[in-house]
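The values are calculated or read from the model by the stated rules, or taken from the named source; none is laboratory data. Just so it is clear, the model here is predicted, and its values are computed rather than measured. With ideal geometry, Cβ positions are generated from the backbone for all residues, glycine too; neighbour counts draw on all protein chains shown.
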Amino acid sequence: MALLEVDHVAAGYVEGIDILADIALRVEPGSITGIIGPNGAGKSTLLKTIFGFLHPRRGRILHGGREIQALAPYAIKRLGISYVPQGQNIFPQLTVEENLQLGAWIARHDRAGVASILERAYATFPRLRERRRRRATSLSGGEAKMLSLAKELVNDPVLLLVDEPSAGLAPRIAHLVYDELVAARARGVTLLLIDQNITKAVEISDYLYMIEGGQVRREGPREHFADQLRQIIRDSLLGA
Amino acid sequence: MEAFARRVGWCLLAYAAVAWVPWVTTEYHTHVFTISLYYVVLAVGWNLLAGYTGQFSLAHHTFAGVGAYTSALLVQHTRLPMLVGIVAGAVLATGLGYVLGSLCLRMRAIYLALATWAFAESIRLLVTVEYQITRGDLGLRTSLLFGTPRATPYYYLFLGLALAAALAAWEIVHSRVGVFMRAIRDDEEAAAAMGVDTFKWKRVAFVVSAVFAAVAGGFQGHYIGLLSPAPMKFNEMATIVIMVIVGGLRTFFGPILGAVFVEVLSELLRGWGEIRMVLFALLVIAVARLYPGGLVGMLGLAVQTVRSRSPKSPVGRSTRSAMRSTKP
């Protein structure tokens, strides 16, 4: 059974306008599933719909066979689904440590449990340990992105939804972020990844969907995409 | 646990440090300080909601009134002990806060302020109009907690209350709930994306601050001896807002310093009448423009300047302490 199944979902922000027209996709456990497509294709909207910020007008979203499309974000989080939005999803007025604690407190209600989660997070992201007492505002773009990712990974989510992990980052930093995503998969986290960086998405994903106009235009395993990369990039840029 | 014991120790020390005030001042000055301490409880409670959670409610003074009237009426009609009356006031404030929070907290910013203001005015009018029960503007006599209108025993009571409120606020802000509250204040959408049930925790903050106000109001009613709808006017709420902003919104010591400073200043300027509110408004504008950190921010800056001038202390240490003073 697929870990996540999006079953012919339609959704949108404004009455009468569907951003997602009819999306059907499956995410297999232990894999990275990539979603690519031109701007305005509905990629971010898809993640917001899965995470409960938006409820579908039609169709179902199934997690391990259970319907979750009516749940609020905090309830979806309790199922072990985490969401890293585009940009920096951190709390600038909190310290780095408090940002991580926030992630940990969602799952644990005891201080000892939270402390052990933090210890693991610092082991994975040593750079954050150095800056634990600093306000998150003082972090660089790359560090902030690491923190956004770290505070979602601290609870070992079953499924991680990642929107544009490399947007606005220097290539060297983006590389580190992708390494973390691949490392998370190695630890058994399933990922659903949206990316404008098609080359990179094709490189690390096991299975890909290309969506456009709120519908799946093309799908297949990595090899299927890797062969026609140039063609896909051109189509995607031109929105053909 | 050990850290908690240390903080309780600090509170006891603070209590002892200012316990001498009634011995060396007049009855009138003791009264002014007692009322200052009453406002400390209100300001600390409102700072939890508006400062740390970012929910700008304008009904905080109303919950103080609810606490005061509930306790006064209950004690008058049932002859129950006053402490029971005060607890009843807090329970009613919890219920009202829960209902009002449920209705209003899905609104954002200015809409929340307007809705809570409308609630505050409705309750004030209700208290004024239902004079068969509340005696309206005629004023409702209350029994005195210590059987005397003299300020000294009440000073010690409110000093204890203010320190307890400050300690409770500290514990809340640094707990799991506190991290959620501050995350909501920073970015509500992002907090929801983290899995924080934002509505639930905003409502918790709302109820907690309402209880702070109701307890303070209940005790204050049994000190003053006469209740009227006047302190439920918007002026009172404005005073609380001024205290917190002048002291330093979203700082721990801000509302404490601000409440004492503004109340004492307000007494010093008593001869000026209502012009005082204009002066305070100007003060708020000046603080917001020049020192957004309020009195606490200014003190932090002063400490930083002094430290960086003394050659012995390294610069790193002084900047760190300045950061700590405005945290979190």
Item checked: Qualifying helices (runs of 4 or more DSSP H) (wholly inside the range B:185-298; at least 3 residues being within 30 Å of B:LEU125 (Cα to Cα)) -> B:198-224, B:234-247, B:254-268, B:275-290
Checklist line | Every pair of residues 6+ apart whose Cβ atoms lie under 8 Å, when the first sits in the range B:11-29 and is surrounded by 14 or more Cβ atoms within 10 Å (Cβ to Cβ) while the second is among the hydroxyl-bearing types (Ser, Thr, Tyr) | finding: B:VAL21/B:THR30; B:VAL21/B:TYR155; B:PRO22/B:THR30; B:PRO22/B:THR152; B:PRO22/B:TYR155; B:PRO22/B:TYR156
Next item on the list: Output the residues belonging to the range B:283-319 that are at pLDDT below 55 and surrounded by 14 or more Cβ atoms within 10 Å (Cβ to Cβ).
Entry: B:SER318
Check: So, of the residues in the range B:189-200 that are more than 7 Å from every other protein chain (Cβ to nearest Cβ) and surrounded by 18 or more Cβ atoms within 10 Å (Cβ to Cβ), which turns out to be farthest from A:LYS151 (Cα to Cα)?
Finding: B:THR198
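Kindly provide the set of residues from the range A:213-227 that are over 15 Å from A:GLY37 (Cβ atoms), in contact with a strand residue (DSSP E or B) (Cβ under 9 Å, 6 or more places away or on another chain) and surrounded by fewer than 16 Cβ atoms within 10 Å (Cβ to Cβ), ordered by number.
First pass over the range A:213-227, keeping only residues over 15 Å from A:GLY37 (Cβ atoms): A:221-224, A:226-227.
Now restrict to residues that are in contact with a strand residue (DSSP E or B) (Cβ under 9 Å, 6 or more places away or on another chain): A:221-222, A:224.
A:PRO221, A:HIS224, listed by residue number.
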Check: So how many residues does the range B:149-188 have that are within 23 Å of A:PRO85 (Cβ to Cβ) and more than 14 Å from chain A (Cβ to nearest Cβ)?
Finding: 0
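Quickly run through the range A:1-32 and pick out the residues that are within 25 Å of A:PRO221 (Cα to Cα), of a type in the set (D, E, K, R) and assigned to a loop (DSSP other than H, G, I, E, B). Can you show your working first?
Initial filter on the range A:1-32 (within 25 Å of A:PRO221 (Cα to Cα)): A:1-10, A:20-32.
If we keep only those that are of a type in the set (D, E, K, R) as well, we get A:5, A:7, A:22, A:26, A:28.
Hit for the range A:1-32 is A:GLU28, nothing else.
Look through the range A:38-83, keep the residues that are among the basic types (Lys, Arg) and within 12 Å of another protein chain (Cβ to nearest Cβ), and return whichever of them is nearest to the chain's Cα centre (by Cα). Walk me through it before giving the result.
Here is the first cut: in the range A:38-83, the residues among the basic types (Lys, Arg) are A:43, A:48, A:57-58, A:60, A:66, A:77-78.
This time we only want the ones that are within 12 Å of another protein chain (Cβ to nearest Cβ), so: A:48, A:77-78.
Working: A:LYS48: 10, A:LYS77: 13, A:ARG78: 16 Å.
Among those that are among the basic types (Lys, Arg) and within 12 Å of another protein chain (Cβ to nearest Cβ), it is A:LYS48.
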Margin query: Name the single residue that is surrounded by the fewest Cβ atoms within 10 Å (Cβ to Cβ) among those in the range A:84-109 being within 30 Å of A:ASN39 (Cα to Cα) and more than 7 Å from chain B (Cβ to nearest Cβ).
Written below: A:GLY87
Next item on the list: May I ask you to list the residues in the range A:124-143 that are surrounded by fewer than 16 Cβ atoms within 10 Å (Cβ to Cβ), touching a residue at least 12 places away in the same chain (Cβ under 8 Å) and hydroxyl-bearing (Ser, Thr, Tyr)?
Entry: A:THR137
Check: Within the range B:112-161, can you find the residues that are farther than 27 Å from B:SER36 by Cβ, under 23 Å from the mean Cα position of the chain (by Cα) and of a type in the set (S, T, N, Q)?
Finding: B:SER122
Next item on the list: Identify the single condition in (1) at pLDDT below 90; (2) under 22 Å from B:THR53 (Cα atoms) that B:ALA169 does not satisfy, given that it satisfies every other one.
Entry: (1)
Notebook entry, point to check: Which of the following residues is more than 10 Å from every other protein chain (Cβ to nearest Cβ) and crowded, with 21+ Cβ neighbours inside 10 Å: A:ALA121, A:ALA112?
Noted result: A:ALA121
Next item on the list: For B:GLY45, state whether it is within 26 Å of B:ARG106 (Cα to Cα) and assigned to a loop (DSSP other than H, G, I, E, B).
Entry: no
